[in-house]
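All of the numbers you see were taken from the coordinates with simple rules; none came from a lab. Just so it is clear, the model here is predicted, and its values are computed rather than measured. Cβ coordinates were reconstructed from backbone atoms using ideal geometry, including for glycine residues, and neighbour counts include every protein chain displayed.
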Amino acid sequence: MKADHPQAVNEAPIDFSAATMAEMNRVIGLFPEGKEKSAILSVLHLVQDELGWVSVGAMNRVAQILNIEPIEVYEVATFYTMFHLDPVGKNVLEVCRTGPCQLVGSDDLIAYIEEKLEIKVGQTTKDGLFTLKTVECLGACGYAPMLMCKYQFYERLTKEKVNEMLDAMREASKS
Amino acid sequence: MARKLLIEHAAVPGITTYEVYRKHGGYASVEKALKTMSPEEVVEEVKKSGLRGRGGAGFPTGMKWSFLAKPEGVERHLVCNADESEPGTFKDRYLMEKLPHLLIEGMITSSYALGARRSYIYIRGEFMYILRILEKAIAEAYANGMLGKNILGSGYDLDLVVTPGGGAYICGEETALIESLEGKRGNPRMKPPFPAVKGLWGNPTVVNNVESIAAVVPIVNEGGEAYAAIGIERSTGTKLISASGNLVRPGVYEIELGLSVEEFIYGDDYCRGIANGKKLKACVPGGSSVPILPHYLVTKTAAGTDRLMTYESLADGGFASGSMLGSGGFIVFDEDQCIVRNTWNFARFYAHESCGQCSPCREGTGWMEKVLYRLEHGNGTLEDISLLEEINKKIEGNTICPLGDAAAWPVAAAIRHFRDEFEWHVKSPQEAQTRNYGLIQVPLEA
């Protein structure tokens with residue numbers, strides 16, 4: 001995260017696509033006048049949907065859009081764990097590591113994905129296709145072990161299912 | 001077969017659409033409330049029902065509603081807490097995904113009772129796909145005159161918005177949720193003032209769990225008394241239980257409160273026993289924050305009576321030999337599970353999720369995680385076990401919100417019931433790395 005750097009606020013705000021801007025305006029409009037800041041999490045999700053992560057330049061632009069100080073965006077973006085504050089791979093695999101998943105094999109699942117992708121938790125594959133992260137409970141405990149990628153839940157995972165999932169993601173990334 | 005008041009129609013094809021939901025009796029509570037009842041009468045029915053908050057705390061919903069301040073000319077809000085993040089809990093997700101209109105119907109009927117004209121559903125960001133389902137359902141409700149201006153010609157207006165979180169367990173705490181909904185970090189607020197007086201944007205606000213709001217639908221349709229007739233003592237109605245861990249059939253079940261724990265774990269209609277023919281070692285019956293129970297206290301209380309799925313029975317024996325119904329996150333451990341590893345796992349969760357505002361929680365959760373890590377990895381000492389108990393006492397009760405307590409209780413309970421297993425990790429660290437302790441013995445005094 002570069003937001004703590006003294007130069008952070010000087011990073012030029014970047015522009016978002018017209019489609020992202022339209023959606024941002026829609027979610028901001030869901031709140032009463034003067035309460036636009038309430039849409040900040042929706043807006044940051046949209047930023048991440050477009051860029052894959054949330055850069056300082058993007059946060060500076062969000063501050064302009066919501067008419068708030070950049071620090072108000074940084075403090076929110078750094079608090080909520082869903083926002084990637086550094087560049088990530090095309091597919092971020094977020095594996096649940098919490099108790100109920102651990103009871104049915106999330107430790108093995110994480111080790112297997114590490115082995116398959118030849119990376120450790122927190123790293124990105126050389127081809128930039130995958131980043132592996134562990135996260136806390138995603139609310140899928142009865143269908144464990146599981147992971148989330150691009151808001152999609154992959155549940156009751158086995159080695160076979162992981163292989164299929166990775167292949168499908170590789171295939172999808174070609175197009 | 002037990003009655004299902006909430007998820008009976010969950011498997012009906014197309015039930016996520018307005019049309020099919022309506023055909024199955026949907027939105028009857030809105031019609032009944034808006035056309036034939038005053039807001040006060042709706043509150044009265046909820047009070048009569050005995051409904052207790054389904055998010056975990058179990059506070060009577062009707063009473064919470066009656067605390068809502070109603071100053072002239074000040075807007076009020078109903079906020080639905082759909083930030084389901086308590087480890088072991090996934091019932092709200094099920095309800096919203098399968099029956100989005102049930103939540104929306106409950107929001108309309110409840111908002112009417114509270115006089116709220118702008119209500120919000122705050123859903124955890126990871127459930128973005130469910131947010132889309134809810135958005136679609138809300139649009140349908142608007143299109144059919146169930147939301148917006150002058151609903152069903154009653155003169156009552158309501159706008160409903162669903163908005164995501166960003167991945168923070170703490171936002172399930174109601175004042176942290178409100179902060180988050182205002183676009184800030186999820187730091188819980190000091191109480192008082194309670195949200196009922198000063199909540200969202202300083203306006204009087206009620207925050208209720210998804211399941212509590214959904215339960216208002218059958219309560220209004222059938223009457224509070226009919227609802228209260230189900231269950232035992234102060235545990236009325238039905239409850240969604242999220243069953244996970246080493247079970248033959250984990251998943252979401254709607255039970256009538258009062259069902260025996262034995263029946264829930266082993267019954268054909270429910271979880272069908274422990275997976276892979278193993279034995280039950282322990283159970284966390286109400287989400288990761290509640291005390292763990294060793295096998296001999298799961299289906300029976302310390303007094304030898306049958307343990308029931310009720311607020312009272314699960315708490316029977318207090319923290320010495322009982323636990324809590326909590327959110328209904330029912331986590332089951334088989335004989336091969338390591339209690340020290342699991343305790344460390346949950347401690348890591350709380351250390352990760354502490355908002356960092358109060359020192360006892362911020363420092364204490366991290367400290368506990370480190371001590372448990374070294375115990376689990378064979379580097380602990382016997383003093384570490386007493387150290388954990390000490391840290392525990394310094395967190396509990398000394399923080400703004402209950403996350404500190406939620407972090408402390410599971411550790412205290414694990415040591416209370418599984419001290420032998422903790423000591424074994426210290427005395428036989430190498431053995432503890434290669435195998436698990438197995439079932440603990442029933443203490444003679446138990």
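Please compute the length gained on full extension between B:GLU363 and B:LYS279, using 0.36 nm multiplied by the number of residues separating them and subtracting their Cα-Cα distance. It would help to have the intermediate numbers written out before the result.
Values: separation 84, 0.36 × 84 = 30.24 nm, distance 3.71 nm.
Once the chain is fully extended between B:GLU363 and B:LYS279, it gains 26.5 nm.
Listing B:MET190, B:MET324 from the residue with the fewest other Cβ atoms within 10 Å to the one with the most, what is the order? The partial results should precede the final answer.
On the way: B:MET190 9, B:MET324 20.
Final ranking by Cβ density, sparse to dense: B:MET190, B:MET324.
Give, in whole angstrom and from largest to smallest, the semi-axes √(5λ) of the equivalent ellipsoid of chain B, with λ running over the eigenvalues of the Cα gyration tensor.
On the way: eigenvalues 311, 120, 67 Å².
Listed largest to smallest, the semi-axes of chain B are 39, 24, 18 Å.
Just to be sure I follow: if Rg is taken over the C-alpha atoms of region B:381-446 and Rh is the Kirkwood radius over the same atoms, what is Rg/Rh? Mind dumping the intermediate values first?
Values: Rg = 14.1 Å, Rh = 13.3 Å.
Rounded to two decimals, Rg over Rh is 1.05.
Is there a simple number for the mean count of other chain Cβ atoms within 10 Å of the Cβ of residues in A:26-33, and what is it?
Details: counts 0, 3, 0, 1, 7, 8, 4, 0.
Partner Cβ neighbours, averaged per residue: 3.
Could you give the longest part of chain B that holds none of the trypsin sites (Lys or Arg not before Pro) found in DSSP loops with at most 16 neighbouring Cβ atoms within 10 Å? Walk me through the numbers before you get to the answer.
Details: sites that count: B:ARG3, B:LYS4, B:ARG117, B:LYS149, B:ARG234, B:ARG272, B:LYS278, B:LYS279, B:ARG435.
In chain B, the maximal stretch lacking such sites is B:280-434.
Please give, to one decimal in nm, the separation of the simple spin-label points placed at B:ARG419 and A:ASP167, each 7 Å out from Cα toward the Cβ.
With each label point 7 Å from Cα toward Cβ, the separation is 5.5 nm.
How many partner chain Cβ atoms sit within 10 Å of a residue's Cβ in peptide B:352-359, on average, as a whole number?
Values: counts 6, 3, 0, 1, 1, 0, 0, 0.
If you average over the peptide's residues, the count of other-chain Cβ atoms is 1.
Given a 10 angstrom Cα cut-off, can you work out which residue in A:GLY105, A:GLY89, A:GLY34 is the most mobile in a GNM of chain A?
It is A:GLY34.
Can you give me the long-range amide H partners of B:LEU147? Hydrogens built in the peptide plane at 1.01 Å from N, cutoff under 5 Å, separation of 5 or more residues or another chain.
B:TYR142
Taking the Cα centre of region A:8-79 as origin and charging only Cβ (+1 Lys, Arg; -1 Asp, Glu), how large is the dipole, in debye to the nearest 20?
Details: 4 positive and 10 negative charges, 24 e Å.
That gives a dipole near 120 debye.
Using the 10 angstrom Cβ neighbour count as an exposure proxy, how do B:VAL217, B:VAL12 rank, fewest first?
Exposure proxy ranking, most exposed first: B:VAL12, B:VAL217.
Going by amide H atoms built from the backbone, whose H comes under 5 Å of the H on B:SER260, apart from near neighbours?
Counting only residues 5 or more places away or on other chains, the set is B:MET309.
Dipole size in debye (nearest 20) for region B:200-317 around its Cα centre, Lys and Arg Cβ +1, Asp and Glu Cβ -1?
Details: 9 positive and 13 negative charges, 133 e Å.
It works out to roughly 640 debye.
Taking every eigenvalue of the Cα gyration tensor of region B:1-104, multiplying by 5 and rooting it, what semi-axes result, largest first, whole Å? Before the final figure, lay out each step's value.
Values: eigenvalues 129, 78, 41 Å².
Equivalent-ellipsoid dimensions as semi-axes: 25, 20, 14 Å.
Looking only at chain B, where both bridge partners belong to it, what percent of the DSSP beta bridges are antiparallel (to the nearest 5)?
Working: 19 of 39 bridges.
Once the DSSP bridges in chain B are tallied, antiparallel ones form about 50 percent.
In peptide A:67-73, how many Cβ atoms from other protein chains are near each Cβ within 10 Å, on average? All intermediate terms of the calculation are to be shown ahead of the outcome.
Numbers: counts 0, 1, 0, 0, 0, 3, 1.
If you average over the peptide's residues, the count of other-chain Cβ atoms is 1.
Under a point-charge model restricted to the Cβ atoms of Lys and Arg (+1) and Asp and Glu (-1), what is the dipole moment magnitude of the protein assembly as shown relative to its Cα centre, in debye to the nearest 20?
On the way: 64 positive and 80 negative charges, 83 e Å.
That gives a dipole near 400 debye.
For chain B, calculate the relative contact order in percent as a whole number, restricting contacts to Cα pairs under 8 Å that are 6 or more residues apart. Display every interim value, and only then the final one.
On the way: 923 pairs, mean separation 70.0, N = 446.
The value is 16 percent.
I'd like the antiparallel share, as a percent to the nearest 5, of DSSP beta bridges with both residues in region B:232-334.
Numbers: 16 of 21 bridges.
DSSP beta bridges in region B:232-334 are roughly 75 percent antiparallel.
In a GNM of chain B with a 10 Å cut-off on Cα contacts, which of B:MET37, B:MET96, B:MET368 has the highest mean-square fluctuation?
Looking only at B:MET37, B:MET96, B:MET368, the biggest GNM fluctuation is shown by B:MET37.
Sort the following peptides by mean Cβ neighbour count (other Cβ atoms within 10 Å, averaged over residues), highest first: B:308-321, A:42-55.
Working: B:308-321: 19.0, A:42-55: 20.6.
Packing proxy ranking, top to bottom: A:42-55, B:308-321.
Provide the three semi-axes, in whole Å and in decreasing order, of the ellipsoid equivalent to region B:339-434 as defined by the square roots of 5 times the Cα gyration tensor eigenvalues.
Working: eigenvalues 112, 28, 21 Å².
Three semi-axes, in Å: 24, 12, 10.
With a Förster radius of 45 Å, plug the Cβ-Cβ distance of A:ARG156 and A:ILE68 into 1/(1 + (r/R0)^6) and report the FRET value to the nearest 0.05. Don't skip to the answer; put the middle values down first.
Working: r = 42 Å, r/R0 = 0.94.
That gives a FRET efficiency of 0.60.
Send over the Kirkwood Rh of region A:15-87, from the inverse of the averaged 1/r over different Cα pairs, rounded to one decimal Å. If you can, show how the numbers build up before the last one.
Working: mean 1/r = 0.0830 Å⁻¹.
About 12.0 Å for region A:15-87.
Give a residue-ordered list of calculated ³J(HN,Hα) values for region B:20-27 (Karplus: 6.51 cos²θ - 1.76 cosθ + 1.60, θ = phi - 60°; whole Hz; x for Gly, Pro).
These are the phi-based 3J(HN,Hα) values: 5, 4, 5, 4, 9, x, x, 6 Hz.
Which order do B:ASP92, B:ASP405, B:ASP334 fall in if you start with the one that has the fewest other Cβ atoms within 10 Å?
On the way: B:ASP92 32, B:ASP405 17, B:ASP334 22.
Fewest to most other Cβ atoms nearby, the residues stand as B:ASP405, B:ASP334, B:ASP92.
Looking at chain A, send over the antiparallel percent of its DSSP beta bridges, to the nearest 5.
Details: 6 of 12 bridges.
Looking only at bridges with both residues in chain A, the antiparallel portion is about 50 percent.
Among B:GLY25, B:GLY53, B:GLY287, determine the one that fluctuates most according to a GNM of chain B built with springs between C-alpha atoms less than 10 Å apart.
B:GLY25
Among the listed pairs B:LYS4/B:LYS48; A:LYS116/A:LYS150; B:LYS4/B:LYS32; A:LYS133/B:LYS370; B:LYS198/B:LYS394; A:LYS120/B:LYS91, which are separated by more than 23 Å between their Cα atoms? Working shown, then result.
Details: B:LYS4/B:LYS48 19 Å; A:LYS116/A:LYS150 20 Å; B:LYS4/B:LYS32 21 Å; A:LYS133/B:LYS370 21 Å; B:LYS198/B:LYS394 30 Å; A:LYS120/B:LYS91 32 Å.
Those over the limit are B:LYS198/B:LYS394; A:LYS120/B:LYS91.
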